[in-house]
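The values are calculated or read from the model by the stated rules, or taken from the named source; none is laboratory data. Everything quoted here is computed from the prediction, not taken from an experiment. We place every Cβ from the backbone using ideal geometry, glycine too, and count neighbours over all the protein chains shown.
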Amino acid sequence: MNDVEERPRDETSRNTLKLKRRATAIGFDAVGIATLEPDAHAADFDQWLAAGYAGTMTYLHRQAAKRKQPRHIMPDAAVAVVTLTNYWHGPVDPGADGRVAQYAWSTDYHRVLSARLERLADAVKELAPGARTRCYVDTGPVPERELARRAGLGWIGKNTMLIDPVIGSFTFIGTVLTDAAFTPDLPFAADRCGTCRACLDACPTDAFVAPHILDARRCISYLTIESRGPFTSQQQEQVGEWLFGCDVCQDVCPWNVRFAGPTPDPVLAPRAPLAGPDLDQLQKLDAAEFEARYGDTPFERPGLVGMRRNAAAVRANRGAK
Ligand code: B12
Ligand code: SF4
Ligand code: SF4
């Protein structure tokens, strides 16, 4: 949690302190308050879209205006209450086949965090009766990393991740926009990447065009989760041993290597068939079996067809090895 005054003088500061304590009690690992002025990187975002780096994620084009002007997401919103939730489970065997990104080892985080954010929104309304709130996690036109940076929670690294200097980058970002008054935190101004470029050099597909700029079309996370249809032979090769998502540019980051600690959160505890699914079995599942096993997990996004495609690619790459 950010440093907070022990004896706040005015009601807004007192309420801010109370809200942050409630956030911690609900289970968030860090919380801060962000202002909603226009994004200083709006032009970079436009260039990113114009270069085609969003691939088939056309919703990013549709949401662009609101992302650049976060105040327009919710009329009358005064601030965003921004939270981080650590989901890291510890170091893994980097040579394993059929790897699954750690964020997907447990029940879909959208479900888990949406429920927690609603409880945080209730706390906002208790502290500021009549306040309006809107909760977002991943879905919605919210520039989540930028708001987290503004809320003082960390900096945006060369791998484009929001890095908290204490927790690292294996975190989910969740926000509550509200018209209630809370005291904003100081934005995280420092860039603590320094001369390091470990993430840029480690990316298996050279997906970083430059520091801070990711061509999503080359990113394994995009290929295995967001892209639809069969892989080209090049895409199949790019996927390597990754069945779902990719953690390479976070696994090598010194801020994770040195400081990240496994989450003790029981709700985020790994579920066995998610962390290391049997590829043969996955390819044989029918729609009903897939739904029963993975319906409440991140695998639901690519669905059975996408996961079968991914499993076939990993098996082919394994054979080629
Ligand atoms: C689209 C998307 C993706 C795409 C594109 C990723 C990307 N880097 O752009 C794909 C499918 C590839 C992806 C992958 C992953 N994602 Co994703 N994704 C998103 C989503 C929905 C939108 C991000 C977006 O707008 N990208 C476009 C770029 C241009 O915007 P941006 O990353 O926000 O960048 C801002 C700043 O970098 C700044 N900026 C621009 N230029 C510059 C230059 C400098 C010098 C600086 C300082 C800043 C800066 O302006 C941008 C706009 O405000 C967000 C949720 C959300 N609503 O924000 C989750 C989100 C970013 N993803 C998340 C996660 C967990 C992942 C994965 C780790 C999952 C995995 N293990 O496979 C990977 C990580 C890959 C990576 N290195 O980014 C988390 C990140 C949490 C964190 N601590 O940062 C988010 C926030 C979801 C969440 N609520 O938790 N993702
Ligand atoms: S998630 Fe993997 S493929 Fe995507 S940028 Fe990071 S290292 Fe590269
Ligand atoms: S690996 Fe190095 S350059 Fe990349 S985000 Fe981490 S500190 Fe920054």
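Total residues in segment 165-188 satisfying the condition of being within 12 Å of ligand 3 (Cβ to nearest atom) and surrounded by fewer than 22 Cβ atoms within 10 Å (Cβ to Cβ): the figure is 1. What number of residues in segment 135-190 are of a type in the set (Asp, Glu) and within 16 Å of ligand 2 (Cβ to nearest atom)? Matching residues across segment 135-190 total 1. Just one of (1) surrounded by fewer than 20 Cβ atoms within 10 Å (Cβ to Cβ); (2) in a loop (DSSP other than H, G, I, E, B); (3) at pLDDT 95 or above; (4) of a type outside the set (Lys, Arg) fails for Asp97. It is (3).
Scanning segment 222-238 turns up no residue that is closer than 30 Å to Leu36 by Cβ, part of a strand (DSSP E or B) and in contact with a helix residue (DSSP H, G or I) (Cβ under 6 Å, 6 or more places away or on another chain). Would you check which residues across segment 127-158 are touching a strand residue (DSSP E or B) at 6+ places or on another chain (Cβ under 7 Å) and within 22 Å of Arg197 (Cα to Cα) and list them? Correct list: Arg145, Arg149, Leu153, Gly154, Trp155, Ile156, Gly157. Are there any pairs with C-beta distances below 6 angstrom linking a residue in segment 257-275 that is in contact (Cβ under 8 Å) with a residue 12 or more places away in the chain and of a type outside the set (Asp, Glu) to a residue that is surrounded by 14 or more Cβ atoms within 10 Å (Cβ to Cβ) and part of a helix (DSSP H, G or I), with the two at least 6 apart or on different chains, and if so which? Close Cβ pairs satisfying both conditions: Val267/Val112. Total residues in segment 16-47 satisfying the condition of being more than 19 Å from the chain's Cα centre (by Cα), within 13 Å of ligand 1 (Cβ to nearest atom) and among the hydrophobic types (A, V, I, L, M, F, W, C): the figure is 4.
Among the residues of segment 150-185, write down those that are over 17 Å from the mean Cα position of the chain (by Cα) and of a type in the set (D, E, K, R). Within segment 150-185, Asp179, Asp185 qualify. Taking first residues from segment 3-17 that are closer than 17 Å to Val79 by Cβ and partners that are of a type in the set (Val, Ile, Thr) and modelled with pLDDT of 75 or more, the Cβ contacts under 6 Å between residues at least 6 apart in sequence or on separate chains come to Thr12/Thr183; Ser13/Thr183; Thr16/Thr183. The conditions of being touching an Asp or Glu at 6+ places or on another chain (Cβ under 9 Å) and in a loop (DSSP other than H, G, I, E, B) are met by Pro91. Number of residues in segment 187-207 that are under 21 Å from Glu146 (Cα atoms), outside any loop (DSSP other than H, G, I, E, B) and either more than 8 Å from ligand 1 (Cβ to nearest atom) or among the β-branched types (Val, Ile, Thr) (or both): the value is 1.
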